[in-house]
Amino acid sequence: MMKTIKRISALCMIGLVLLCLGSCDDDSTLFTVSDPNAPVLADLGITQIELDAANTGNPAIALNWSESDYGQPTAVSYAVQFSMDEAFTAPVTATSVTGRNNITLSIGEVNAAAGNAGLNPFEWATLYTRVVASLGTQQSEAINSNILQFEVFPFFNYTFNDYYLVGNGTAPGWDNNANNPPLFRDADNANQYYYTGFFTKGGGDFNDGRFKVLEFRGLWQPQWGVTDNEGEDEIKTDGDIAGNPATQDGDPGRFGVPSDGYYEFTINFSTKKYTMTPFDASGATMFSGMSIQGSSVATTAMTQLTFDGHIWYAAGIRLTPGEVSFLTDTGATWGAGTGFSGVATNGGSAIPVVVEDDYDVWFNTLTGRYILIPLNL
């Protein structure tokens, strides 16, 4: 009798455990949202804004919109976007706010948005704006507001980064402020840079024949190099790049070449990749004179880089709005239709100069690449 009772008690205990387990379902709340209503931007009350470069901190526009309802008591994020076309083909996000339905943008912020959207400085053009509502850091359930437009007159907005060579494999050696040659930026891809020219392997010293890339002449940081410190005989011709924007600790490794010669160095700051490819310069013309000319400047002789005679420069020359081109000692005129950087060709269009400033101008006769770097913008 006792055995039977014990067996029944054990079965009861098992049943109670299973019952408890069965009742311990996940009681977490499933977060669901309803289809949100789009935010509605209120009329601006203005049709034109002339942006004043002398008062960039002053308010430019105040945007107000009705809130989106996602059917949950959660904070909604709103991204304020601008575009040069009504289709918002390449939208620019000026700022984002959470839990608010208004924002005031300064003159500087609107000017930056206009420039990043592709509007030219010192020209009246239409700028489009909208607000995009979403949830969370992943911008889930995004929905666009109506679109407003107004005419804007931007001042100049230099949005590019410039980069310079340093190292014993290049002209300045390990001097970060010795007329360091810049990389030549692609006219269509602001993250892509080139330098085609002479590099040296140097002697047996570990520092010879190597180089890095600096973002500012005269400063060691930020600097860019390879992802590891390679040994002297471990030179690679392609791979990943690394940057160090803060301190000398953990600086990236050095680029290098296996032997003296001409190479095309490419680096992309978006993909974080680089290549170093031998370049055949045997058939290239070595000019003995080069000038910069045009409506932006009185004809000014350029200087040939001693380290590499295919690289010419004019340091700190004043350019006014207009155009420039390069004049060789043979009488040929080289130019292209893109401002600040591009690839000039013999007989090509003049290079536009959109804003007055002091510029460092560099021209590479091996490739026709040029770059105009404003010094005060």
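Take the chain, mark every one of the GluC sites (Glu not before Pro) that falls in a DSSP loop and has at most 14 other Cβ within 10 Å, then report the longest stretch left between them, sites excluded. The longest such stretch corresponds to 235-377.
One equal scatterer on each Cα of region 303-377, no solvent, Debye formula: the resulting log10 I(q)/I(0) at q = 0.11, 0.14, 0.23 Å⁻¹ is -0.25, -0.40, -1.07. Taking the Cα centre of region 263-377 as reference, the dipole from Cβ charges on Lys and Arg (+1) and Asp and Glu (-1) amounts to some 260 debye. Restricting attention to the chain, close to 95% of DSSP beta bridges with both partner residues there are antiparallel. Here the extension length gained between R100 and T277 equals 58.5 nm, from 0.36 nm per residue of separation less the Cα-Cα distance. For the chain, the mean projected area of the C-alpha convex hull, equal to one quarter of the hull surface, is 31.1 nm².
Per 0.36 nm of contour for each residue apart, how much would the distance between T338 and F122 grow if the chain were fully extended, relative to their Cα-Cα spacing?
Length gained between T338 and F122: 76.1 nm.
Amide hydrogen proximity for M302: with H placed 1.01 Å from N in the peptide plane, the residues at 5 or more positions away or on another chain lying under 5 Å are M290, S291, I292.
Considering only protein heavy atoms and a 1.4 Å probe, what is the carbon-and-sulfur percentage of the accessible area of region 215-346? Write out the running numbers ahead of the final one.
Numbers: 3180 of 6270 Å².
Whole-percent figure for carbon plus sulfur exposure: 51.
Which is farthest toward the positive dipole end of the chain among L366, A42, F153, measuring Cα position about the Cα centre, with Cβ charges +1 (Lys, Arg) and -1 (Asp, Glu)? Of L366, A42, F153, it is A42.
The mean sequence separation of alpha-carbon pairs under 8 Å and at least six residues apart, normalised by the residue count of region 276-357, gives a relative contact order of 25 percent.
Remark on R210: its backbone amide H falls under 5 Å from those of N168, G169, a criterion applied only to residues 5 or more positions apart or on other chains, H modelled at 1.01 Å from N.
Taking all Cα pairs closer than 8 Å and separated by 6 or more residues, the relative contact order of the chain comes to 10 percent. Among A114, T227, A344, which residue has its Cα positioned farthest towards the positive end of the charge dipole of the chain, with +1 placed on the Cβ of Lys and Arg, -1 on the Cβ of Asp and Glu, and the dipole taken about the Cα centre? Selected residue: T227.
Projected over every direction and averaged, the convex hull enclosing the alpha-carbon atoms of region 139-207 yields 10.1 nm². Distance between the modelled labels on A62 and E50, one decimal in nanometres: 2.3 nm (7 Å Cα→Cβ projection).
The values are calculated or read from the model by the stated rules, or taken from the named source; none is laboratory data. Every value quoted in this text rests on a predicted model; they were computed, and no experiment measured them. For neighbour counting, all protein chains shown are included, and Cβ atoms are generated from backbone atoms with ideal geometry for every residue, glycine included. Note: areas computed on protein heavy atoms with side chains; ligands, DNA, RNA excluded. Shrake-Rupley method; radii C 1.70, N 1.55, O 1.52, S 1.80 Å.
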